[in-house]
Amino acid sequence: MRTPRRLATALTALSAAAMVAVSPGIAAADSVRSQSWQMDNLHVTDAQALSRGKGVVVAVIDDGVQTDHPDLTGNVLPGVDIYTGKPQAVENGEYHGTQMAALIAGHGHGNGNRDGVLGIAPDAAILPIKISYDGSLGDANNVTVAIRWALTHGADIISISLSVSFDADLPAALDAASAKNVPVIVGAGNDLPSALTALDGTVPVVALGPDGRIDPVSQGVDGRNGLAAPGADIPVPTGPGTYAPGTGTSYSTAIVAGAFALARAKYPTLTAEQLTALFYRHATDLGDRGPDVVYGNGGLNVLDALNDPAPITANTPSPSAAAAPVTAQSGLSAAVVLAGVLVLVLLLGVVVAVVALIFVRSRRRRIPDGAAPARLPVTGQPRAPLGTSHGKDDRWTTP
């Protein structure tokens, strides 16, 4: 029997929660919105004029979601506790999952919902999947189980703000997500990288500060694909009516997941690969020119992605497109083209053969004895004496 590997010690969730705890609190809830710099940075108001994520379900694999938090009421679906198999109850834990849910689909509260956290996709629904037990996030295999549960319970996007060690079943679970066209957004990690960033089928995310550079706490994307998004000093809920700024790739991951929810709602027919390519294509280049191992494809640009006139176009053709099946019509066209090429080659060969024959015969023509040879071209030099014939097949030559 395979023994599940334990999660890496520096879980993004736990590291990020600690950062919130040591950060100064925000005194008034109504100041949360003014300090949410990611909203102006990403032009979220303009993006939400194009899409608010309605009808999209985002699975949050974490330590549970506070279903009665005022910024989330009505936006949280019945989820599951992986350990018990029962629906998760109202949570009172570390609030990490609640923070992620708020950044994705928070609608705020108060008069006109002007207070509290406004998420990137406030009309999206959150599917909470709790994988914590007694304060620990358990085994890496729990993430695999959570992904599969999300796929069978209607998730359109999966958000994982955890640094995960490798689990042998993870690649198959991610393949299943790709087959169902469900993008999996993952944090690059804080103190330690996550094994998820190196696996196909994920969108790694790094954390940016207000200066547009990677925050010191954040790992890079590791490969050459991924996105960078605001992830430093992001106001999040820490209790029923309290907020504090948090820093880490957890927050940038949730923000990117919210952006994917906006795009999924606007472009419901896109595959997971096409949806990812849309954001990679419109990412703002950061760091070294072109994709790099720190920022990946660049900074999240959700507004440009939502304004793309041809969102189905990818930077490079997918393997399936490159190896499209040959239909009867395409096979016939190929045969006609091939036949035409063969005819042209045959005609060209005949022409070359005729020209060669004429040339050879003209060069082999004998000059009769006593006949004056043709005059040589005038070169301004004394004419050289003609050569002599040394046999019937010899040609007249000049020395």
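Key figures
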item: Cα-only radius of gyration and Dmax that characterise segment 180-311, units Å; result: 14.3, 44
item: Cut-off under 5 Å, modelled amide H: who pairs with Tyr133 long-range; result: Gly138
item: Per-peptide average of other Cβ atoms within 10 Å, ordering 280-291, 206-217, 146-157, 228-239 highest first; result: 228-239, 146-157, 206-217, 280-291
item: nm² value of the averaged projected area, convex hull over the Cα atoms of segment 162-233; result: 4.9 nm²
item: Nearest-20 debye value, segment 160-319 charge dipole, Cβ charges on Lys, Arg, Asp, Glu; result: 400 debye
item: Three-way shape call for segment 115-210 based on the alpha-carbon gyration tensor, with the a/c threshold at 1.5; result: rounded
item: Nonlocal amide H pairs with Thr238, under 5 Å, H built at 1.01 Å; result: Tyr243, Ala244
item: Ser163 long-range amide H proximity, modeled H, under 5 Å; result: Thr12, Ala13
item: More than 13 angstrom apart: percent of Cα pairs within segment 200-252; result: 58 percent
item: Full-extension gain in nm, Phe166 to Asp134, via 0.36 nm per residue minus C-alpha separation; result: 9.3 nm
item: Difference of contour (0.36 nm per residue) and Cα-Cα distance, Thr152 to Ala198; result: 14.1 nm
item: Solvent-free Debye scattering, log10 I(q)/I(0), computed from the Cα coordinates of segment 27-184 at q = 0.12, 0.18 Å⁻¹; result: -0.52, -1.08
item: Stretch gain in nm, segment Asp175-Asp308, where the contour uses 0.36 nm per residue and the Cα spacing is subtracted; result: 45.2 nm
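All of the numbers you see were taken from the coordinates with simple rules; none came from a lab. If you're wondering where the values come from, they're calculated on a predicted model, not measured in any experiment. Every residue, glycine among them, receives a Cβ derived from its backbone with ideal geometry; neighbour counts consider all protein chains shown.
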